[in-house]
1. Identify which of Ser164, Ser95, Ser144 has the largest mean-square fluctuation in a Gaussian network model of the chain, with springs joining Cα atoms closer than 10 Å.
2. Taking just the alpha carbons, could you work out the radius of gyration and Dmax for the chain, both in angstroms?
3. Could you work out the relative contact order of the range 138-247, using alpha carbon pairs under 8 angstrom and six or more residues apart, expressed as a whole percent?
4. Once every DSSP H run of n ≥ 4 in the chain is given -39500 (n - 2.57) and the sum is divided by its residues, what mean residue ellipticity at 222 nm do you get, rounded to the nearest 500 deg cm²/dmol?
5. Give the shape of the range 99-224 as rounded, prolate or oblate, defined through the alpha-carbon gyration tensor: a ≥ b ≥ c are the square roots of its eigenvalues, a/c under 1.5 means rounded, and otherwise the shape is prolate if a/b is larger than b/c and oblate if not.
6. Can you work out the FRET efficiency for the pair Lys118 and Leu246, with r the C-beta to C-beta distance and R0 = 22 Å, to the nearest 0.05?
7. Pick out which of Leu156, Leu138, Leu96 has the largest mean-square fluctuation in a Gaussian network model of the chain, springs linking Cα atoms closer than 10 Å.
8. What number of lysine-lysine pairs in the range 112-247 show an alpha-carbon separation below 24 angstrom, given a sequence spacing of 8 or more or placement on distinct chains?
Amino acid sequence: MAGHSKFKNIMHRKGAQDKKRSGMFSKLSREITVAAKMGLPDPDMNPRLRAAVNAAKAASMPKDNIQRSIDKASRGDAENYEEVRYEGFGPGGVSLIIEALTDNRNRTATNVRTAVSKNGGNLGASGSVSHGFDRMGLITYPASAGDPDKVFEAALEAGAEDVSSSEDGHEIWTAQADLHEVAKALEPVLGEAEAAKLAWRPQTMVEVGEGDAATLFKLIDALDDDDDVQTVWGNYEVPDEVMEKLA
């Protein structure tokens, strides 16, 4: 298991979490409702719901909002959301996987296609880029959870496959089937994770220059602003000096 690799955050650039809170709560609420509807409405008995609730808590979502989202599923009056995945290319030849939860596929497809094409990218067919990614489990912890050695040892003991630590936090990668078992084993040592979810990890990274990076971030921001879009994964790597210029 490789540790201490300086693996860039592939979900979105740091700071993207500073988006409008209402939009973020809407996405978290949708995930909670879908998770509760697909399994039991009890986070202790439903790993996906537990991960969704933990993510909502980490984002300071009020307890009442969390409970309301769970109750919505229990009462059976929740919208019928389905999971949809789009694949395509962004500026600089970057591969993108866009995951959405939607109650209207046509609306979401139109919005995603527009956001991508307006910002230097284009959507491809299903499978056009996902072959260049591995489907894995991803558990994230803040830097305060422990130093890299402590987190590495805990992850190794818990059965994780890879760890990367930086000043921004720790990313612990697991086999897809092992995600919730590893997350459970880490809790007594590192506390509750910020998030535990299935993820797309790129097999190779594409370094992006300043011009393409600026357009790529505009594209990701446009997708983030769409309520239906849950996560954007990419194989881009932006050098620190470029990030500083764009900051």
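1. Maximum among the listed residues: Ser144.
2. Values for the chain (Cα only, Rg and Dmax): 17.8, 51 Å.
3. This gives 25 percent for the range 138-247.
4. About -13000 deg cm²/dmol.
5. On the way: a/c = 2.30, a/b = 1.84, b/c = 1.25.
Because a/c hits 1.5 or more and a/b exceeds b/c, the range 99-224 counts as prolate.
6. Efficiency, from the Cβ-Cβ distance: 0.70.
7. Fluctuation is largest for Leu156.
8. Final tally of qualifying lysine pairs is 6.
The values are calculated or read from the model by the stated rules, or taken from the named source; none is laboratory data. All of these numbers come straight from a predicted model, not from anything done at the bench. Cβ coordinates were reconstructed from backbone atoms using ideal geometry, including for glycine residues, and neighbour counts include every protein chain displayed. Ligands, DNA and RNA are stripped out before the accessible areas are found, and what is left, the full protein with its side chains, is counted by its heavy atoms. Shrake-Rupley method; radii C 1.70, N 1.55, O 1.52, S 1.80 Å.
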